[in-house]
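The values are calculated or read from the model by the stated rules, or taken from the named source; none is laboratory data. No experiment lies behind these values; they were computed from the predicted model shown. Please note: Cβ atoms are built from the backbone with ideal geometry, for glycine as well, and neighbour counts cover all protein chains shown.
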């Protein structure tokens, strides 16, 4: 017995509905906003929480700049305890305005008058001069000159103008009329009368010229 074919309406195929491109784009934007907004809120809260830590530093830096007096071609003069003069010059300097008497110097040159009328000059790349104590710390390519013809090179040195003492604990090398010296440190004392080299030292003396026969 033959079966009857199903009515045509029962055999209609299902076709998915086409989505509107505009609605699809809006849905994507909504999903992105759902993710981005919480992240943005967290970032803003973090900035707000950390801002007080950065702001005082900015204010402190600005106040520090106002507390410093910038100078160029500076010249400081003074007298030691024996009333002998000394001078310090520099290309530029910054003086703290808090009453500490500290002056940061670029390319300072210090000249010291000695008891016997001679002098010592010391120069460096950087110097930190304390006006209250009459001391200066020098660093960077330090050179010491003595008017008797001696020249010493080191990386750090210290000068106490009141006591007339110059010393350093870094390797030093120098030369003069009597020879050459290498040592681990030096100390000029007694207003320049004595120079002592510390640590293992190597001294090379020059032979005095023989008188003609």
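Considering region 169-179, the residues that are touching a strand residue (DSSP E or B) at 6+ places or on another chain (Cβ under 7 Å) and over 19 Å from residue 124 (Cα atoms) include one that is surrounded by the fewest Cβ atoms within 10 Å (Cβ to Cβ), namely 179. Just to be sure before I move on: is residue 116 surrounded by 15 or more Cβ atoms within 10 Å (Cβ to Cβ) and assigned by TED's automatic domain parsing to the domain that holds residue 84 in the structure I sent? So residue 116 does not fit the description; no.
Which residues, counting only those in region 125-143, are within 11 Å of residue 161 (Cα to Cα) and surrounded by fewer than 15 Cβ atoms within 10 Å (Cβ to Cβ)? Answer for region 125-143, where residues must be within 11 Å of residue 161 (Cα to Cα) and surrounded by fewer than 15 Cβ atoms within 10 Å (Cβ to Cβ): 130, 133.
Restricting attention to strands (runs of 3 or more DSSP E) lying wholly within region 16-130, give those where 1 or more residues are modelled with pLDDT under 65.
Working: elements: 68-79, 85-96, 102-106, 109-113, 119-123, 126-130.
Hits in region 16-130: 68-79.
Keeping to region 114-129, report how many residues are farther than 23 Å from residue 172 by Cβ and free of Cβ contacts under 8 Å to residues at least 60 places away in the same chain. Residues in region 114-129 being farther than 23 Å from residue 172 by Cβ and free of Cβ contacts under 8 Å to residues at least 60 places away in the same chain: 1 in total.
Residue 103 falls short of the stated requirement of being farther than 21 Å from residue 198 by Cα, crowded, with 16+ Cβ neighbours inside 10 Å, free of Cβ contacts under 8 Å to residues at least 24 places away in the same chain and in the same structural domain as residue 188 (by TED's automatic domain parsing).
Matching residues to (1) more than 19 Å from residue 124 (Cα to Cα); (2) touching a strand residue (DSSP E or B) at 6+ places or on another chain (Cβ under 7 Å); (3) part of a loop (DSSP other than H, G, I, E, B); (4) modelled with pLDDT under 85:
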| position | (1), (2), (3), (4) |
| --- | --- |
| 167 | no, yes, no, no |
| 181 | yes, yes, no, no |
| 197 | yes, yes, no, no |
| 200 | yes, no, yes, no |
| 204 | yes, yes, no, no |
| 209 | yes, no, yes, yes |
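Please tell me if residue 193 is at pLDDT 90 or above and loosely packed, with under 15 Cβ neighbours inside 10 Å. Here the answer is no, as residue 193 does not meet what is asked.
All of (1) more than 21 Å from residue 196 (Cβ to Cβ); (2) surrounded by fewer than 16 Cβ atoms within 10 Å (Cβ to Cβ) hold for residue 90 with one exception: (2).
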